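Dumping the structure here so I can ask a few things about it.
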Amino acid sequence: MDNIAGRKSGLSWAVNLSVIFLVLLWLFPTAGLFVSSFRSSDQISANGWWQSMFPTEQNVTLRTADPDDEGAQELVDGLYTVRGNLFDGEDTADISVWGYSSRAIDDFTVGQTAEMKDGETITVEANGDYVWTSPEKLTGRGQRVFATATTPPKFTTENYGTVLSGSGTDGAMAKAFLNTLTVTIPATIIPIVIAAFAAYALAWMQFPGRAILIAIVVGLLVVPLQLALIPLLRLHLGIGIGKGYLGVWLAHTGFGLPLAIYLLRNYMAGLPKDIIENAKVDGATDFQVFTKIILPLSFPALASFAIFQFLWTWNDLLVAKVFLIDATGQTTVMTQQIVELLGTRGGNWEILSTAAFVSIAVPLLVFFAMQKYLVRGLLAGSVK
Amino acid sequence: MKTSLYMSAAAVALASAPAFAEDLTVFGPWLGPDQETVEKVLAVFAEKSGHNVSYVGSDSFEQQILIDAEAGSAANVSVFPQPGLAADMAARGFLAPLKDGTEAWINENYAAGSSWVDLGTYADKDGNDDLFGFFYKVDVKSLVWYSPENFEDAGYDIPTTMEELKALSDQIVADGGTPWCIGLGSGGATGWPATDWVEDLMLRTQSPADYDAWVSNEMKFDDPKVVAAIEEFGAFARNDAYVAGGAGAVASTDFRDSPKGLFSSPAQCYMHRQASFIPAFFPEGTSVGEDADFFYFPSYAEKELGNPVLGAGTLWAITNENDAAHDLVDFLKTPEAHETWMALGGFLTPHKGIDSSKFADEATAKMNDILLAATTFRFDASDLMPGGVGAGSFWTGMVDYAGGKDAAEVAAEIQSSWDALK
């Protein structure tokens, strides 16, 4: 007994460890993305998100006040003097070493006075206070100071402001959000309704060619939707649907149907035969069997497919671009809006990470609301 | 009006109706801040003409325009960043020719007018040449960016010849610095910054006629002249001492991040060769003209090829004809259209009739001077080559080359991919 118990506990340790490992593997990048979404683009390119949570030592380029500004310099003991704080009093960074030339950035320690050309001197304190003096009147731009400073962690919610309010027209994101819902909800419901009927017919009704039909549906699963984009769009334009919501609903329905029918048919075929036969003996029609018995019993499968289809249509950009977004730009969806925020040449990583968290919010809600069906539905059709 | 199969019935009805105010859709590659700018320019047009103008941008313009044109749902006017793509679409009958007289107007009013006409003239479905594209908004690529204060700290002067530039690079290395920041990374388009380098060096080592022959593939890609230009690029990019992070970092550094090395402390590099758009990727608060400046990527004094300038531009073409589309092209001819965008920044133009005091800043005005002072202007070769080469094997070949592959071998591979397209 000891042996068995010991082996069991060893195995469950292994299971637990690998589960923890997998969870960390998934959570780690998500956490990084989350932290990055609160950082500015300069911070992101300067160092990694894991360094952002602790005070870090960085080389920074700072600049004194512009001596040409009114009142910036005063005459003290025959020297023109500019005083101030290199951080403008905003940051609470701690300078360790500094320099005034880009070629020697750590020549001086804090409190030391550097002699520059033309008799100018500059003194920098640890908190960024500086005194810059010159026998002649100072002109030109402020003196550059290169400092090695320990800066506290700094985060910003500016990215969220940018994503939510949009950079251009006000409320663009809110409109895109509504447009996305307008696309997603019908594009989830229509295929489920059609697929449920079809799945019942393919699972429980006897008619010639049924096996062939099922085979065709399974075959359609492997056809990439990209193949159908242009022919379908031509068809839509030819029959007068054009680009618009109806077109994108139809397209999503078509692209979602093979998986929906396959998933639901397998689930329905696994329901106990006795119940259906009993109902038939009692005089129920196929329609009654479907609505009164099959539909309630298939709820887990329906719900899990609804989650799949919802997530897929929510995150979709390709189908929306082809069938929905026309040249007037009135029907932008969220994914397109996010791409637009990235700018002409892309590379705004801070917007990308923030947008990921904004657009993930609704799918997360849907997922948590329906997740208990997801696992049940995932097994749909796999167990007879 | 040329009858076009791809036009939807609605568009045909619209085009033939003698309405004054029409809906006009414009499709282009600009997003984000650029999109706001182009919308402001189009708003000026909308106000003057009374048409209803809307603009949509796409980051995958090249693919989207093909889908829309194939399906017949293209916007009225499309803005092509690559003339090669426009030529291809014209040959398939997707573009409507511009009105007569546009050619004469460009010849008269644009600096180096005939070369702009040539770049916008393509064969149509039946093989007849016609003017399809109007250039509006130009980029200069032959620029070297630097930090004036870093140059001042080190006591370096702006080089005016390629010999001086190379001597300066050696000088920086001798002083313990790194002269160049080069980054080729750009997602799916990784490698394109290197094609600009090679094109610039091609213009500086060979005659413009050779450059044109190269673009049209009359001169093979593996010609010794081209291989020499690639190796010239290698002299910069494959020299560990010359490049920040070493030659190995060239292909993996993102082009958007690479200029940031100019402003880091200590400076990772002193110079960065990139087109006029790059200030968008400088760190926040960098002011062009003070913190950052640029000089013309110089030519060899000994070669006597003049001062060639490499550039690119966006080409406005009519993809779904209506009267408003022609009105828009007419509007783009007015100095006002150019000056509106000039005032908003980031806009260069070969238009000779504009008031150059209207540039948003001195830096842009200086760039425009480089453009107007060019003895030779040549369009970005990779944008003119067939897509499979100019936006394919040329890019990947340059990544291979930066990674250590032999130049002749890379050139031969690019040529064979070109042959395969014919």
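The values are calculated or read from the model by the stated rules, or taken from the named source; none is laboratory data. Only a predicted model underlies this, so the values are computations on that prediction, with no experimental measurement involved. All Cβ positions, glycine included, derive from the backbone under ideal geometry; neighbour counts span all protein chains shown.
Taking interchain pairs and intrachain pairs at least six residues apart, which have beta carbon atoms under 6 angstrom, with the first residue in the range B:26-41 and within 7 Å of chain A (Cβ to nearest Cβ) and the second surrounded by 24 or more Cβ atoms within 10 Å (Cβ to Cβ) and assigned to a loop (DSSP other than H, G, I, E, B)?
That search, which allows pairs on different chains as well, returns B:PHE27/B:ALA75.
Please state which one of B:PHE255, B:PHE281 is modelled with pLDDT under 90, buried (at least 18 other Cβ atoms within 10 Å of the Cβ) and among the aromatic types (Phe, Trp, Tyr).
Details: B:PHE255 fails: modelled with pLDDT under 90.
Within the list B:PHE255, B:PHE281, the selection yields B:PHE281.
For the range A:109-120, does any single residue satisfy the condition of being exposed (fewer than 11 other Cβ atoms within 10 Å of the Cβ), over 30 Å from A:VAL358 (Cβ atoms), within 12 Å of chain B (Cβ to nearest Cβ) and at pLDDT below 80? Outline the logic, then answer.
First pass over the range A:109-120, keeping only residues exposed (fewer than 11 other Cβ atoms within 10 Å of the Cβ): A:111, A:115, A:117-118.
If we keep only those that are over 30 Å from A:VAL358 (Cβ atoms) as well, we get A:111, A:115, A:117-118.
Restricting the remaining residues to those that are within 12 Å of chain B (Cβ to nearest Cβ) gives A:117.
Now restrict to residues that are at pLDDT below 80: A:117.
Yes, there is a match, as at least one residue in the range A:109-120 is exposed (fewer than 11 other Cβ atoms within 10 Å of the Cβ), over 30 Å from A:VAL358 (Cβ atoms), within 12 Å of chain B (Cβ to nearest Cβ) and at pLDDT below 80.
Now for a different question. Does the range A:165-178 contain any residue that is buried (at least 21 other Cβ atoms within 10 Å of the Cβ) and assigned to a strand (DSSP E or B)?
no
Please find, within the range A:211-244, the residue that is farthest from the other protein chains (Cβ to nearest Cβ) out of those that are in contact with a Ser or Thr (Cβ under 8 Å, 6 or more places away or on another chain) and among the small types (Gly, Ala, Ser).
A:GLY244
Yes or no: A:LYS273 more than 30 Å from A:ILE325 (Cβ to Cβ) and charged (D, E, K, R)? Explain how you work it out, then say what you get.
Working: more than 30 Å from A:ILE325 (Cβ to Cβ): yes; charged (D, E, K, R): yes.
Answer is yes for this residue.
Would you please name the residue that is farthest from A:ALA356 (Cα to Cα), looking only at residues in the range A:327-341 that are more than 7 Å from chain B (Cβ to nearest Cβ) and not in a helix (DSSP H, G or I)?
Taking the range A:327-341 and keeping what is more than 7 Å from chain B (Cβ to nearest Cβ), we get A:330-338.
Of the ones still in play, those that are also not in a helix (DSSP H, G or I) are A:330-333.
On the way: A:GLN330: 23, A:THR331: 20, A:THR332: 17, A:VAL333: 14 Å.
Taking the candidates together, the pick is A:GLN330.
Conditions tested, residue by residue: (1) outside the structural domain of B:GLY285 (by TED's automatic domain parsing); (2) without any contact (Cβ under 8 Å) to a residue 40 or more places away in the chain; (3) small (Gly, Ala, Ser).
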site: B:ALA154; (1), (2), (3): no, no, yes
site: B:ILE158; (1), (2), (3): no, no, no
site: B:GLU164; (1), (2), (3): no, no, no
site: B:ALA167; (1), (2), (3): no, yes, yes
site: B:ASP170; (1), (2), (3): no, yes, no
site: B:ALA174; (1), (2), (3): no, yes, yes
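Enumerate the strands (runs of 3 or more DSSP E) found wholly within the range A:75-130, keeping only those where 3 or more residues are within 22 Å of A:GLU57 (Cα to Cα).
A:94-99
Shifting gears a bit: Looking at (1) more than 14 Å from chain A (Cβ to nearest Cβ); (2) over 22 Å from B:THR160 (Cβ atoms); (3) surrounded by 23 or more Cβ atoms within 10 Å (Cβ to Cβ), can you tell me which one B:MET219 breaks?
The failed condition is (3).
Please list, ordered by residue number, the strands (runs of 3 or more DSSP E) wholly in the range B:239-352 having 2 or more residues that are under 30 Å from A:GLY99 (Cα atoms), touching a strand residue (DSSP E or B) at 6+ places or on another chain (Cβ under 9 Å) and more than 14 Å from chain A (Cβ to nearest Cβ).
Details: elements: B:271-273, B:293-296, B:308-318.
Where strands (runs of 3 or more DSSP E) fall fully within the range B:239-352 and carry at least 2 residues being under 30 Å from A:GLY99 (Cα atoms), touching a strand residue (DSSP E or B) at 6+ places or on another chain (Cβ under 9 Å) and more than 14 Å from chain A (Cβ to nearest Cβ), they are B:271-273, B:293-296.
Oh, and also: With the range B:135-230 as the region, which helices (runs of 4 or more DSSP H) entirely inside it contain at least 3 residues that are within 24 Å of the chain's Cα centre (by Cα)? Can you show your working first?
On the way: elements: B:148-154, B:162-174, B:192-205, B:208-215.
Answer list for the range B:135-230: B:192-205, B:208-215.
Something else about it: From the list B:ALA87, B:ALA111, exactly one residue is under 18 Å from the mean Cα position of the chain (by Cα), away from chain A (no Cβ under 13 Å), small (Gly, Ala, Ser) and within 29 Å of B:GLY388 (Cα to Cα). Which is it?
Criteria check complete, one pass: B:ALA87.
What's the total number of residues in the range A:284-325 that are more than 18 Å from A:TYR373 (Cα to Cα) and away from chain B (no Cβ under 14 Å)?
Selection size over the range A:284-325: 14.
To keep it simple, each residue is scored yes or no on (1) small (Gly, Ala, Ser); (2) crowded, with 24+ Cβ neighbours inside 10 Å; (3) more than 17 Å from the chain's Cα centre (by Cα).
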| site | (1), (2), (3) |
| --- | --- |
| B:LEU371 | no, no, no |
| B:THR375 | no, no, yes |
| B:PHE379 | no, yes, no |
| B:SER382 | yes, yes, no |
| B:GLY387 | yes, no, no |
| B:GLU413 | no, no, yes |
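I'm checking my understanding of the structure. Among residues of the range A:57-84 that are within 14 Å of chain B (Cβ to nearest Cβ) and within 23 Å of A:SER96 (Cβ to Cβ), which one is surrounded by the fewest Cβ atoms within 10 Å (Cβ to Cβ)? Steps first, please.
Step one: list which residues in the range A:57-84 are within 14 Å of chain B (Cβ to nearest Cβ), which gives A:57-64, A:66, A:68.
Now restrict to residues that are within 23 Å of A:SER96 (Cβ to Cβ): A:57-64.
On the way: A:GLU57: 12, A:GLN58: 16, A:ASN59: 16, A:VAL60: 21, A:THR61: 19, A:LEU62: 23, A:ARG63: 14, A:THR64: 23.
Of everything passing the filter in the range A:57-84, A:GLU57 is surrounded by the fewest Cβ atoms within 10 Å (Cβ to Cβ).
On to the next question. Could you tell me whether A:ILE261 is more than 29 Å from the chain's Cα centre (by Cα), of a type in the set (A, V, I, L, M) and more than 14 Å from chain B (Cβ to nearest Cβ)?
Details: more than 29 Å from the chain's Cα centre (by Cα): yes; of a type in the set (A, V, I, L, M): yes; more than 14 Å from chain B (Cβ to nearest Cβ): yes.
So A:ILE261 fits the description; yes.
I'm checking my understanding of the structure. Among residues of the range B:66-81 that are buried (at least 22 other Cβ atoms within 10 Å of the Cβ) and under 13 Å from B:TRP316 (Cβ atoms), which one is nearest to the other protein chains (Cβ to nearest Cβ)?
So, considering only residues that are buried (at least 22 other Cβ atoms within 10 Å of the Cβ) and under 13 Å from B:TRP316 (Cβ atoms), the one nearest to the other protein chains (Cβ to nearest Cβ) is B:ALA75.
Could you list, in sequence order, the residues of the range A:42-56 that are more than 13 Å from every other protein chain (Cβ to nearest Cβ) and among the hydrophobic types (A, V, I, L, M, F, W, C)?
Scanning the range A:42-56 gives A:TRP49, A:TRP50, A:MET53, A:PHE54.
With in contact with a helix residue (DSSP H, G or I) (Cβ under 9 Å, 6 or more places away or on another chain), away from chain B (no Cβ under 14 Å) and of a type in the set (Val, Ile, Thr) as the only criterion, which of A:THR133, A:THR123 stands out?
Unique residue meeting the criteria: A:THR133.
Given (1) within 14 Å of another protein chain (Cβ to nearest Cβ); (2) among the charged types (D, E, K, R); (3) over 30 Å from B:ARG204 (Cβ atoms), where does B:ASP126 come up short, assuming only one miss?
(1)
When you look at B:ALA365, is it under 19 Å from B:PHE295 (Cα atoms), without any contact (Cβ under 8 Å) to a residue 40 or more places away in the chain and part of a helix (DSSP H, G or I), yes or no?
Yes: the conditions hold for B:ALA365.
Check A:PHE368 against each of (1) exposed (fewer than 15 other Cβ atoms within 10 Å of the Cβ); (2) assigned to a helix (DSSP H, G or I); (3) within 12 Å of chain B (Cβ to nearest Cβ) and name the one condition it does not meet.
(3)
Exactly one condition in (1) at pLDDT below 90; (2) surrounded by 14 or more Cβ atoms within 10 Å (Cβ to Cβ) is false for B:ILE172; which is it?
(1)
Quickly run through the range B:379-396 and pick out the residues that are touching a Phe, Trp or Tyr at 6+ places or on another chain (Cβ under 9 Å) and under 14 Å from B:LEU184 (Cβ atoms).
B:SER382, B:PHE394, B:TRP395
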